[in-house]
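The values are calculated or read from the model by the stated rules, or taken from the named source; none is laboratory data. All values derive from a computational prediction rather than experimental measurement. For neighbour counting, all protein chains shown are included, and Cβ atoms are generated from backbone atoms with ideal geometry for every residue, glycine included. The protein model used for the area step is the full one, side chains on, heavy atoms only, and it has no ligands, DNA or RNA in it. Shrake-Rupley method; radii C 1.70, N 1.55, O 1.52, S 1.80 Å.
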Amino acid sequence: MIFNDIHIPFHDSRLLTVDGRGMLLDILEDSKCEALIINGDLGDMYNWNRYGVHPDVTVDMETELYLIRMFLKNLRKRFPSLTIIFCLGNHEVRFENWIIEKAKPMHNLVRLEKELCFEEYNIEYYPYQHKYQIEDSKTFVTHSPSSYGVNGARTSMLNKLDETWIYGCTHREQAAHATPSSGKGISSFFNGWCGSVDETPNHAKVFSYRKGHFGWQQCFIMVTTIDRVETHVTQYSIRNHKTVVDGTLYDYSDVEPHDTLNYYEE
């Protein structure tokens, strides 16, 4: 299973909660997947962005890191034997860039992988834009695509003539497919996001700066491998907090949003 762009603490709590609940984790459990790939931007890292913060957004650095860490802790608690892979996104890079700019001597001391306890929770960690290969296939996962345009999935595939790619970052659900001269089909997927633009007043203030943010789509991907070489990629749309997997309807539209900041206070 692959999901990305959760943007804790501005995630959609009906899809994922800090304490290990939500639609996506229920699907992960039911599907008996062997691995989960978190393809970047698990955390928003709002307090480390270069554009400044809204004075009314009530979340600080300590709270952000704590909530991301609690999500990973509870994810591991719910899935003790699951392979968990974390490919960093551009929002996680905000943390490292901020340290380099503001406190360069502490760069080797204050590391994101330490703050988020990757080793303790047995999470495989890969740097931003690392080309993560799914088993021995020609299917790769990385956070940011080469194009963000209207037809970005198609454009991002043009120079990768024999590879399938799965991207995050754009918050849009797209797919493009082609059959090159090799005769083997290839694809490019934009895997949407798992955040919310309006679940709380904080969500609305954080994402209002981005033109078109109400046009983003939520989805996730499941990858099946055959003999470690061939992959079959299926993209699942989430609409109004509902999706269908293998004929089963997952309907979370009546679930009350979970107030993340109150969880922290508890």
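Scanning region 204-252 for residues being part of a loop (DSSP other than H, G, I, E, B) and either touching a helix residue (DSSP H, G or I) at 6+ places or on another chain (Cβ under 7 Å) or at positive phi (or both) gives a total of 8. Residue count for region 62-77 under the criterion of being open to solvent by less than 70 Å² (accessible area, probe 1.4 Å) and either without any contact (Cβ under 8 Å) to a residue 40 or more places away in the chain or among the basic types (Lys, Arg) (or both): the result is 2.
Yes or no, residue by residue, for (1) at pLDDT below 85; (2) in a strand (DSSP E or B); (3) of a type in the set (S, T, N, Q):
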| residue | (1), (2), (3) |
| --- | --- |
| 166 | no, yes, no |
| 182 | yes, no, yes |
| 188 | no, yes, yes |
| 199 | no, no, no |
| 258 | yes, no, no |
| 262 | yes, no, yes |
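Residues of region 31-41 that are surrounded by 13 or more Cβ atoms within 10 Å (Cβ to Cβ) and out of contact with any strand residue (DSSP E or B) (no Cβ under 6 Å at 6 or more places or on another chain): 31, 33, 41. Counting residues in region 42-58 that are within 20 Å of residue 134 (Cβ to Cβ) and buried (at least 20 other Cβ atoms within 10 Å of the Cβ) gives one or more. Selection of first residues in region 120-143 that are without any contact (Cβ under 8 Å) to a residue 40 or more places away in the chain and of a type in the set (Asp, Glu) and of second residues that are open to solvent by 70 Å² or more (accessible area, probe 1.4 Å) and in a loop (DSSP other than H, G, I, E, B), restricted to Cβ pairs under 7 Å at least 6 apart or on distinct chains, gives an empty result. Across region 80-96, the number of residues qualifying as open to solvent by 20 Å² or more (accessible area, probe 1.4 Å), under 26 Å from residue 171 (Cβ atoms) and either among the aliphatic types (A, V, I, L, M) or part of a loop (DSSP other than H, G, I, E, B) (or both) comes to 1. Taken together, 121, 51 contain a single residue that is modelled with pLDDT under 95 and of a type in the set (Phe, Trp, Tyr), which is 51. Candidates in region 9-23 are the residues that are touching a Phe, Trp or Tyr at 6+ places or on another chain (Cβ under 6 Å) and open to solvent by less than 10 Å² (accessible area, probe 1.4 Å); of these, the one that is farthest from residue 223 (Cα to Cα) is 18. Restricting region 171-180 to residues that are more than 20 Å from the chain's Cα centre (by Cα) and of a type outside the set (A, V, I, L, M, F, W, C) leaves a set whose member that is modelled with the lowest pLDDT is 180.
On the given criteria, is residue 105 open to solvent by 20 Å² or more (accessible area, probe 1.4 Å) and closer than 26 Å to residue 235 by Cβ? No. Restricting attention to region 97-151, the residues being within 18 Å of the chain's Cα centre (by Cα) and part of a helix (DSSP H, G or I) number 2.
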